[in-house]
Amino acid sequence: TNANESPSSSDEKSNEKFSEQMLHDRKAAIDNLATSEQNYQQNLESIVNLYKSKFSKSIVDEKTEQAVFGNVSSLIVLSEQTNLSLRKEIQRGPEKAEIWKCYSLAPQYIKYYHTYITSYTSMLSHYNDFVISDKKIKKFVKKIEGEDPQHRFTSLSLMPFVRINTLIKQLQSILDSTPDWHTDYINLPDTISALTSISKDTDKMLDIAEN
């Protein structure tokens, strides 16, 4: 590179500085998002770890197993990918982290969540029918729910509905503490907009599921 050349726009951006308060707020917002995403993944995995292995021994009908657990697996993979990306970006520090890249799979979010949401009532119906029809499973489910009410199948399976709106708020919080020269400021609004497009569906289905 010629020493007389003017610095590139990316160099100019790297010379921009956060205010101390904004950087503090941004770090807190990113940390909150990371913790929340990890907890969400663990809750999704609980559906599989607590229930699937036990159910699989009794479920003869592959269609029933797919109806109850199939769509959860896609959401787990998506959350794993997001958590991996978040860890990489967080290592760069709150100033350089590009959180929007962790959610660049927004179209996949829409696809997987839409499938989960539209299949939810069928999923719950298959689950309830199966538990009622098997005394051993009914006893097993009662034991899990007695040990920890948060591990109720219905509570865990509603997590994806709640997650979308929580995620929108968390990304907005990061955006609010990001200066206009940062790539997150430029790209996060598109991510938030994409996620908002399915939040109305989740709200509608959550009302149906809870009533």
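Annotations
- Using the 1.4 Å probe convention, the accessible area of the chain works out to 57 Å² per residue with neighbouring protein chains retained.
- Remark: region 79-211 carries a charge dipole of roughly 620 debye about the Cα centre, counting +1 on each Lys and Arg Cβ and -1 on each Asp and Glu Cβ.
- With respect to the chain, whose longest principal axis is taken over its alpha-carbon atoms, helix 71-90 is tilted by about 30°.
- The slack in the chain from Ser56 to Glu20, taken as 0.36 nm per residue of separation less the alpha-carbon distance, amounts to 7.6 nm.
- What the Cβ-Cβ distance of Gln91 and Lys135 gives, at R0 = 41 Å and to the nearest 0.05, is a FRET efficiency of 0.20.
- Pairwise label distance in nanometres, Ser36 with Val77, each label 7 Å out on the Cα-Cβ vector: 2.6
- Selection of trypsin sites (Lys or Arg not before Pro), region 61-113, meeting DSSP coil and at most 12 other Cβ within 10 Å: Arg92, Lys96
- By accessible area with a 1.4 Å probe, ligands and nucleic acids excluded, highest first: order of Trp100, Trp181: Trp100, Trp181
- The angle separating the long axis of helix 20-46 from the principal Cα axis of greatest extent in the chain is about 20 degrees.
- Within region 157-187: backbone nitrogen closer than 13 Å to the Glu98 label point (7 Å, Cα to C-beta): 182-187
- With 0.36 nm allotted per residue and the present C-alpha distance subtracted, the Leu84-Trp181 stretch has 32.4 nm of extension available.
- Using a probe of 1.4 Å on the protein chains alone, the accessible area found for Asp176 is around 110 Å².
- Lys63 paired with Arg152, simple spin-label distance in nm, labels 7 Å along Cα-to-beta-carbon: 3.0
- Helical runs assigned H by DSSP (4 residues or longer) give the chain a calculated mean residue ellipticity at 222 nm of -24000 deg cm²/dmol, each run adding -39500 (n - 2.57) before division by the residue total.
- Top of Asp61, Asp134, Asp180 by mean-square fluctuation, Gaussian network on the chain, Cα under 10 Å: Asp61
- Rounded to the nearest 10 Å², the accessible area of Thr191 at probe 1.4 Å: 10
- Heavy-atom accessible surface of His151, to the nearest 10 Å², is about 60 Å², with a 1.4 Å probe and all protein chains retained.
- Of the residues Leu23, Leu84, ranked by 1.4 Å probe accessible area with the largest first, the sequence reads Leu84, Leu23.
- Highest-fluctuation residue, Ser56, Ser177, Ser73 considered, GNM on the chain with Cα pairs under 10 Å: Ser56
- Cα-based helix-to-principal-axis angle, 135-147 vs the chain, degrees rounded to 10: 40
- Cα-centre dipole for region 38-120 with unit charges at Cβ (Lys and Arg positive, Asp and Glu negative), debye to 20: 120
- Accessible surface of region 80-163, 1.4 Å probe: 56 percent of it comes from carbon and sulfur atoms.
The values are calculated or read from the model by the stated rules, or taken from the named source; none is laboratory data. These numbers were taken from a predicted model, which means no experiment stands behind them. Virtual Cβ from ideal backbone geometry, glycine too; neighbours counted across all protein chains shown. Note: areas computed on protein heavy atoms with side chains; ligands, DNA, RNA excluded. Shrake-Rupley method; radii C 1.70, N 1.55, O 1.52, S 1.80 Å.
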